[in-house]
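Chemist: First, the structure itself, so that you have it in front of you.
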Amino acid sequence: MEFLSIPFAVFILVVFALYYARANRRWQHFLLFAASLVFIGYYHIVYLAYAIGIALFTFEAGKLLHKNIESKWRAWIFTTSIVILVGIWLTARYASPLFPLGISFYTFQALSYLIEINWEEEPEDDLMDFMLYMLLFMKFLSGPIERAYDMLPQLKEKHSFDYDNVTAGLKLVAWGAFMKLVIADRIAPSMNMVLDDVHLATSAQMLQATLLYPIQLYADFAGYTNMALGLGAMFGFRLSPNFDRPFISLSTGELWRRWHQSLSFWCRDYIFTPVSAEVRRWKKWGIYFALLVTFVTIGVWHGAGWTFALYGLFQGLVIIYETATKTGHERFRAKVGDRIYRPLMMIRTYLLFAVSLLFFRVSNVSDVLYVYQHLLNFNINDGKELRLGLNDNQWIAFGIAVVVMFVMEFINSHKDIIKWTTTKKAYIRWTLYFVLVMLIFFYGNFGVENFIYIQF
Amino acid sequence: MKHKIFIFYLKCVLIPLPFIALLIFYIMSDPFMVIRKYSDYDAPEVAQSEGVISWNKYKANEKSMHFDSFLMGTSCTKAFHINEWSKYTGGKGFRMFSNNEGAGDLLLKMQALDSEKGQKIKNVLIVADKQFFEENHPQPGIMHSMPPEVTGQSEITYQMDYFQGFCTPMFLIPYLRYRIFHEYDDKTMNGIINNDGRIRNSITNDAVLCQDAAIKKSGEKYWKNQSWPKEHYTAFTYAPTIKTESISCLMQIRSICQRHGANVKIAIGPTFNAKQMNPKDIVTLKKIFGDKNVVNFSDNFHSKFRNYHYFYDKAHYRDVVANAIMKELYAQK
C-alpha cells in the first residue's frame, strides 16, 4: 500500500480515527499492530511471514542472549543469531524470487537490537511492544532504521490526541508529498528515459541525467522520510530524521553524516567503530580499512549486484582520500577563504556524489563506464534533446520547486517552519496550506508508482 | 480532547472543499470527454486530445467497419481524405493521429493496434515532419495522452492528468468565461475552445476542413489576414535529426508493420518557410522503410508547394498537397 494511494488514505483515516477514539495504550498498540499486519500483508503474505518470523526470532534470541550474558554461551548465541539474520537477509536478496519489502530496514533494526543486548542493554519484555518496534507500518517500507533504545520507551507511553503534534505531522506529510510528487516524480520519467538504456542517449542527455539524478533521489527518499516522520508524529511517535541538508556538504564524509543518517549512523556505530577498534594498531591504515568495510557494506546493503558494491567502494575511497589529505584541504581553505572554499567544495562533493550514483542507478558496470566515457564528449544540436520528454512549463515548475525545497530547508535550519506557521494569523496559515495543496494538485506527477528506496 | 479532535477533523474537511467543488464541476462537465463514453465526439466544446478521441472512435466502430488501413502522424493528416487514400490502397481506412505526434507516440499506437485481437494492419500512411522524428518517447501532457488500455497506466493516473490540465489557469479561466458568458473570444480562447463546430467525420475520423469554405469565400484575403505568409523564404536545411534513438523507434514500427505484412508509406510534407529535412534523414528513412515508400515534399524538388496558397495556416498544408503526396507515393512501385 503506497503512501500516496487511495487505499492508504482510507487506511490511515480509519486507523487514525480508531487510535484516538480510546486513549488506552493497550488498545492503541493492538490497533497499530493489526494495522501494520494489514499494511505489510497488503503487498504479499510472504512479506508478512518474513517480517513476523524475523521479529519473533529476534525477540526470543534477545531474551536468550540476555539470560546467558554472563555464561560461556554468550558469544555462540550472539554470533549464531547474527549469522542467521544476515543469512536470511542475504538469501532473500540473492536467492529468493521474491524480495520481501522492507527486509533490509527491519533486519538492520534486529541486528542493532541484538548487538545492544550483547553490549549489556536490557531486552524488551513485552512482545507486542517489540513487534511494533520491528513492524510499525509508518517506517516499515523504507525506514528510518530505528534504534530500540529510541523507540521502545515511546511505546511505553500512552498517546493522547495532541493537536499541535498531529497538525505538525500532517504538515510534514504534505511537505513530503510535495517533494515526492512535484520534484521527484516530475523528473523520474526523464531520468528513466536516459538511465534505463544509456546507449540510446546522447552525451548531453547523459550529463544532464547524471547531474539531476541526485535531486530526484533526494526528493524521493527525503519526501518519503518526511511522510513517515509526519505519520509517526500524527500517532504520537518521534521517528529519527534521515537527512540534514546533504547538498551543503563540503566533503563526502560530511555528506554521509547528512544523507540517509539512520543507515550511515547505524554503520558507524555497529561496523566502523568496532572494526576500527579491532585494527587500531594499524593506525591510519586501520581507519582506512574500517572505512572501506563500512562503505562497501553500505553499498551491498542497497543491492545484490557489483554496481552497488562499487558504489560503496567509491564512497569509501573518496572519504579515505579526504581523510588522508585533510591537512592539505585545511591549508587550501585558509589560503582561499571560505567565500571560495565552501561553494567550490559543495560543487565538488555534489559532482562526486552524482557520478558515484551512476553505480547505484545504472544496471551494470559496463553501462556506467560507457556513461563515464561519453559524459563530456558532447555537442548539443538544438537543445531539444535536453527536454527529456518534458515541456518548457514542466521544466520551469520543476526548477522552481527545487529552489523552493532548498530555500525551505535553509530557513528550517534556522527556525522551525512548522512551529513558525502556528504563530501566524489564521488567514496566513490557511493561505500557505492552500498554496501547498494546490501546488501538489496542479504540478504533481501522479503517474510514478513507487518510492525508489522501496526496492531495498 | 474531543473538542480538539473535532476541530481537527473539521479543518481536514474544509481545506480540500474548494478542490472537491472543482472536481465535481470537472466530472459533471467532462470537457475533454475522457470520463464517460460518447456516441459523438466530433463537435466538442474544447480542443481535445486527438489521440484519445481517435482511439475511442476506432474502438467504437472497429467491429462494424473492420478498419485495416491507418492514416497516422501529425495533424497534417487533416489534409488527407480517407476516400482519396482508399483509391490507392483498397483498404478500410481510419485516421488515427495525435496533436503534434512524435515517433514515440506513433509506436505506442502501433503496439496497441498490434495487441488488438484480430486486428489486421494492411496499410499505414505516416504523415510526418522533422519534429515527428525528434520525439522518440511518448510525449507528456494531456494533449499527447492515450487511454490506459494503450499506455498501461492506471485509470486514476490518467484521469488525474486531465483534472490537472483542467485546473491550469491557462485552460480553466477561458473555459469558465466561455461557460458563463457563452461568447467566443479568439484572443484568449484560440486553441482552447472549439469554435468550428463539427470538426471530424464520425466514422473515418477525417477532418472537416472548414478552412476550404473560408478560402472560397474570402479568396486572397484569407491569407492577407494572417501574419505569417511571405512571398519568399530562403531555403534552409536542418541538421540530421534521425539518430540512434529515432532509428530504434522506427525499426520497432517497421517490425510491427512487417509482422502484419503492411504496406507502409512515409510522407514528409512541405513547409511554408522553405525549411527542409536533411537528405541524410531521408536516406535513413528509405533504408528502414524502402526506397519507394518515402516521399519528401520539403525538398527543393517540390519547392512549388512552398507557396503560401498551398497552406491553411503555417502548420497545415492543404488537401491538394496531400493529394499530390499520395499520387507520388503510390505511383512508386
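Chemist: For a quick size check, give me the Cα extents of segment B:249-333 along its three principal axes, largest first, whole Å.
Modeler: Largest to smallest, the principal-axis extents are 40, 24, 22 Å.
Chemist: So what is the diffusion coefficient of segment A:314-456 in µm² per second by Stokes-Einstein at 25 °C and 0.890 mPa s, using a Kirkwood Rh over Cα pairs?
Modeler: Values: Rh = 20.1 Å.
Calculated translational D: 122 µm²/s.
Chemist: Classify segment B:202-299 from the C-alpha gyration tensor, please: rounded if a/c falls under 1.5, else prolate or oblate depending on whether a/b exceeds b/c.
Modeler: Values: a/c = 3.27, a/b = 1.51, b/c = 2.16.
It is oblate, given that a/c is not under 1.5 and a/b is not larger than b/c.
Chemist: Turning to a different aspect of this structure: Which GluC sites (Glu not before Pro) in segment B:231-333 pass both tests, a DSSP loop state and at most 13 other beta-carbon atoms within 10 Å? Show your work: numbers first, answer last.
Modeler: Details: sites: B:Glu231, B:Glu245, B:Glu328; in loops: B:Glu231.
Of the GluC sites (Glu not before Pro), the ones in loops of segment B:231-333 whose Cβ has at most 13 other Cβ atoms within 10 Å are B:Glu231.
Chemist: Same structure again: Amide H of B:Phe94: which non-local residues (sequence gap of 5 or more, or other chain) have their own amide H closer than 5 Å, using H built in the peptide plane?
Modeler: Amide H neighbours of B:Phe94, under 5 Å, 5+ apart: B:Ser69, B:Phe70, B:Leu71.
Chemist: Something else: At R0 = 35 Å, how high is the FRET efficiency between A:Asp416 and A:Ile6 if r is their beta carbon distance? Nearest 0.05 is fine.
Modeler: Working: r = 32 Å, r/R0 = 0.90.
Computed FRET efficiency for A:Asp416 and A:Ile6 comes out at 0.65.
Chemist: Using only Cα atoms, find the angle between the long axis of helix B:279-289 and the longest principal axis of chain B, and express it within 0 to 90 degrees, rounded to the nearest 10.
Modeler: 80 degrees
Chemist: Follow-up. For segment A:217-282, restrict the atom set to alpha-carbon positions and state the Rg and Dmax in Å.
Modeler: When restricted to the Cα atoms of segment A:217-282, Rg and Dmax are 14.8, 49 Å.
Chemist: What lysines sit close enough to A:Lys335 to cross-link, taking a C-alpha to C-alpha distance under 16 Å and skipping anything fewer than 8 places away on the same chain?
Modeler: Hits, sequence-local ones excluded: A:Lys326.
Chemist: Using Cα positions and a limit of under 17 Å, work out the aspartates and glutamates in reach of B:Lys275, with same-chain residues fewer than 8 apart set aside.
Modeler: A:Asp382, B:Asp129, B:Glu134, B:Glu231, B:Asp299, B:Asp313
Chemist: Compute a Gaussian network model of chain B, connecting alpha carbons closer than 10 Å, and tell me which residue from B:Pro140, B:Pro44, B:Pro279 fluctuates the most.
Modeler: Taking springs between Cα atoms under 10 Å, the residue moving most is B:Pro140.
Chemist: A further question on this structure: At 1.4 Å probe radius, can you tell me the per residue accessible area of the protein assembly as shown in Å²?
Modeler: Details: 35940 Å² over 789 residues.
About 46 Å² of surface per residue is accessible.
Chemist: Once both axes come from the Cα atoms, what is the angle between helix B:244-260 and the longest principal axis of chain B, in degrees from 0 to 90, rounded to 10?
Modeler: Long axis of B:244-260 versus the principal axis of chain B: about 80 degrees.
Chemist: Now for a different question. At 0.36 nm per residue, and after removing the present C-alpha to C-alpha distance, how many nm does the segment from B:Ile20 to B:Cys210 gain when stretched out fully?
Modeler: On the way: separation 190, 0.36 × 190 = 68.40 nm, distance 3.89 nm.
Answer, rounded to one decimal: 64.5 nm.
Chemist: Classify chain A: rounded, prolate or oblate, from the alpha-carbon gyration tensor (a ≥ b ≥ c, eigenvalue square roots; a/c under 1.5 rounded; otherwise prolate if a/b is larger than b/c)? All intermediate terms of the calculation are to be shown ahead of the outcome.
Modeler: Details: a/c = 1.59, a/b = 1.14, b/c = 1.39.
Judged from the Cα gyration tensor, chain A comes out oblate (a/c at least 1.5, b/c at or above a/b).
Chemist: Be a star and scan segment B:1-25 for residues whose amide nitrogen sits under 13 Å from the point 7 Å along the Cα-to-Cβ vector of A:Tyr163.
Modeler: B:1-12
Chemist: To the nearest 0.05, what FRET efficiency results for B:Arg259 and A:Ala334 with a Förster distance of 56 Å applied to their C-beta separation?
Modeler: Values: r = 70 Å, r/R0 = 1.24.
Efficiency for this residue pair is about 0.20.
Chemist: Put +1 on the Cβ of each Lys and Arg and -1 on the Cβ of each Asp and Glu in chain A; which of A:Tyr163, A:Ile319, A:Val293 then has its Cα farthest toward the positive end of the dipole?
Modeler: After comparing all options, I get A:Ile319.
Chemist: Tell me which residues come under 5 Å, amide H to amide H, from B:Gln276 once H is placed; ignore anything under 5 positions away on its chain.
Modeler: B:Phe236, B:Thr237, B:Tyr238
Chemist: Mind giving me the FRET efficiency for A:Ala324 and A:Ile82? R0 is 22 Å, r the Cβ-Cβ distance, nearest 0.05 is fine.
Modeler: Working: r = 32 Å, r/R0 = 1.45.
Working from the Cβ atoms, E equals 0.10.
Chemist: Follow-up question, since we're still on this one. How would segment A:145-258 be classified by its alpha-carbon gyration tensor: rounded, prolate or oblate, with rounded meaning a/c under 1.5 and the a/b versus b/c comparison settling the rest?
Modeler: Cα axes put segment A:145-258 in the prolate bin.
Chemist: Could I ask something else about it? On C-alpha positions alone, give me the angle between the axis of helix B:155-167 and the longest principal axis of chain B, in degrees, nearest 10.
Modeler: That helix lies at roughly 90 degrees to the long axis.
Chemist: Cut-off under 28 Å on the C-alpha distance; same-chain residues fewer than 8 positions from A:Lys72 excluded. Which lysines are left, in chain and number order?
Modeler: Output for A:Lys72: A:Lys63.
Chemist: Let me know the mean shielding of A:192-200 by other chains, meaning the per-residue number of their Cβ atoms within 10 Å of its Cβ. Numbers along the way, then the final one.
Modeler: Numbers: counts 1, 4, 0, 0, 0, 2, 0, 3, 9.
Mean shielding count: 2.
Chemist: Take the Cα coordinates of segment B:73-169, assign each an equal point scatterer, and use the Debye formula without solvent to give log10 I(q)/I(0) at q = 0.11, 0.18, 0.22 Å⁻¹.
Modeler: Debye output, listed in q order: -0.39, -0.94, -1.21.
Chemist: Another question, if that's okay. Any idea how far apart B:Met1 and A:Leu386 come out in nm if each label point goes 7 Å out from Cα toward Cβ?
Modeler: 5.7 nm
Chemist: If you stretched the chain out fully between A:Ile428 and A:Val407, how much longer would it get, using 0.36 nm times the residue separation minus the C-alpha to C-alpha distance?
Modeler: Working: separation 21, 0.36 × 21 = 7.56 nm, distance 1.89 nm.
Extra length from A:Ile428 to A:Val407 when fully extended: 5.7 nm.
Chemist: Now, a different point. In what sequence, largest accessible area first, do A:Lys284, A:Lys171, B:Lys63 appear using a 1.4 Å probe?
Modeler: Working: A:Lys284 115, A:Lys171 35, B:Lys63 165 Å².
Descending accessible area places them as B:Lys63, A:Lys284, A:Lys171.
Chemist: Where is the GNM fluctuation largest for chain B (alpha-carbon springs, 10 angstrom cutoff): B:Ala21, B:Ala235, B:Ala112?
Modeler: Evaluated over chain B, the most mobile residue of the options is B:Ala21.
Chemist: Would you be so kind as to identify all helices of chain A, as entire DSSP H runs, whose Cα atoms reach 20 Å or more along the helix's own axis and whose mean Kyte-Doolittle hydropathy is at least -0.5? Walk me through the numbers before you get to the answer.
Modeler: Values: long enough: A:25-43 (28 Å, 0.62); A:45-67 (33 Å, 1.18); A:74-94 (29 Å, 1.19); A:103-118 (22 Å, 0.82); A:163-178 (22 Å, 0.60); A:203-234 (46 Å, 0.63); A:284-302 (28 Å, 1.27); A:306-324 (26 Å, 1.11); A:338-361 (33 Å, 0.79); A:392-414 (34 Å, 1.01); A:426-443 (25 Å, 1.72).
Helices passing the filter in chain A: A:25-43, A:45-67, A:74-94, A:103-118, A:163-178, A:203-234, A:284-302, A:306-324, A:338-361, A:392-414, A:426-443.
Chemist: Show me the three semi-axes of the equivalent ellipsoid for chain B, from the C-alpha gyration tensor (sqrt of 5 times each eigenvalue), largest first, rounded to whole Å.
Modeler: Values: eigenvalues 288, 126, 76 Å².
Result for chain B: semi-axes of 38, 25, 19 Å.
Chemist: Please report the equivalent ellipsoid semi-axes of the protein assembly as shown, computed as sqrt(5 x eigenvalue) of the Cα gyration tensor, largest first, in whole Å. Walk me through the intermediate numbers first.
Modeler: Details: eigenvalues 624, 200, 130 Å².
The answer is 56, 32, 25 Å, longest axis first.
Chemist: Turning to a different aspect of this structure: In the protein assembly as shown, what percent of the accessible surface is made up of carbon and sulfur (1.4 Å probe, ligands and nucleic acids excluded)? Numbers along the way, then the final one.
Modeler: Values: 22110 of 35940 Å².
Here it works out to 62 percent.
Chemist: If the viscosity is 1.567 mPa s and the temperature 4 °C, what Stokes-Einstein diffusion coefficient in µm²/s follows for segment A:189-237 when Rh is the Kirkwood radius over Cα pairs? Don't skip to the answer; put the middle values down first.
Modeler: Details: Rh = 12.5 Å.
Approximately 104 µm²/s, per Stokes-Einstein.
Chemist: While we're looking at this one, here's another question. Sum -39500 (n - 2.57) across every DSSP H segment of at least 4 residues in the protein assembly as shown, then divide by the residue count to get the 222 nm mean residue ellipticity, nearest 500. Show your work: numbers first, answer last.
Modeler: Values: 36 runs with 474 residues, N = 789.
About -19000 deg cm²/dmol.
Chemist: Separate question: Just in segment B:104-154: which trypsin sites (Lys or Arg not before Pro) are loop by DSSP and have at most 12 other Cβ atoms within 10 Å? Before the final figure, lay out the partial values.
Modeler: Working: sites: B:Lys109, B:Lys117, B:Lys120, B:Lys122, B:Lys130; in loops: B:Lys117, B:Lys120, B:Lys122, B:Lys130.
Of the trypsin sites (Lys or Arg not before Pro), the ones in loops of segment B:104-154 whose Cβ has at most 12 other Cβ atoms within 10 Å are B:Lys117.
Chemist: Which one of B:Asn300, B:Asn190, B:Asn100 has the biggest mean-square fluctuation once chain B is modelled by GNM with Cα springs under 10 Å?
Modeler: Maximum among the listed residues: B:Asn190.
Chemist: On to the next question. If you find the alpha carbon centre of segment B:53-125 and of segment A:288-359, how far apart are they in angstrom?
Modeler: Taking the Cα centre of each part, segment B:53-125 and segment A:288-359 sit 54 Å apart.
Chemist: So for each of A:257-263, A:158-164 I average, over its residues, the number of other beta carbons within 10 Å; can you give me the resulting order with the highest mean first? Write down the numbers at each step before the final one.
Modeler: Numbers: A:257-263: 20.9, A:158-164: 14.9.
Packing order, densest peptide first, comes out as A:257-263, A:158-164.
Chemist: What average count of beta carbons from other chains do you get within 10 Å of the Cβ of residues in B:135-141? Let's see the in-between values first.
Modeler: Values: counts 3, 4, 7, 2, 4, 11, 5.
Per-residue shielding by partner chains comes out at 5.
Chemist: Would you please put B:192-202, A:124-134 in order of how densely packed they are, using the mean number of other Cβ atoms within 10 angstrom per residue and starting with the highest?
Modeler: Numbers: B:192-202: 16.3, A:124-134: 19.6.
In decreasing order of mean packing, B:192-202, A:124-134 become A:124-134, B:192-202.
Chemist: With 23 Å as the limit, write out which pairs from A:Lys384/B:Lys243; B:Lys221/B:Lys327; B:Lys87/B:Lys265; B:Lys63/B:Lys292; A:Lys384/B:Lys265; B:Lys130/B:Lys224 have Cα-Cα distances beyond it, or answer none.
Modeler: Numbers: A:Lys384/B:Lys243 13 Å; B:Lys221/B:Lys327 30 Å; B:Lys87/B:Lys265 15 Å; B:Lys63/B:Lys292 33 Å; A:Lys384/B:Lys265 26 Å; B:Lys130/B:Lys224 27 Å.
Check vs 23 Å cut-off fails for B:Lys221/B:Lys327; B:Lys63/B:Lys292; A:Lys384/B:Lys265; B:Lys130/B:Lys224.
Chemist: Evaluate the distance, in nm, between pseudo-label points positioned 7 Å from the Cα of A:Arg268 and of A:Ala21 along their respective Cα→Cβ axes.
Modeler: 4.4 nm
The values are calculated or read from the model by the stated rules, or taken from the named source; none is laboratory data. From a predicted model like this one, the values you see are computed outputs, not experimental measurements. Don't worry about glycine lacking a Cβ; one is built from the backbone with ideal geometry, like all the others, and counts go over all protein chains shown. All accessible areas refer to the heavy atoms of the entire protein, side chains included, with ligands and DNA or RNA removed. Shrake-Rupley method; radii C 1.70, N 1.55, O 1.52, S 1.80 Å.
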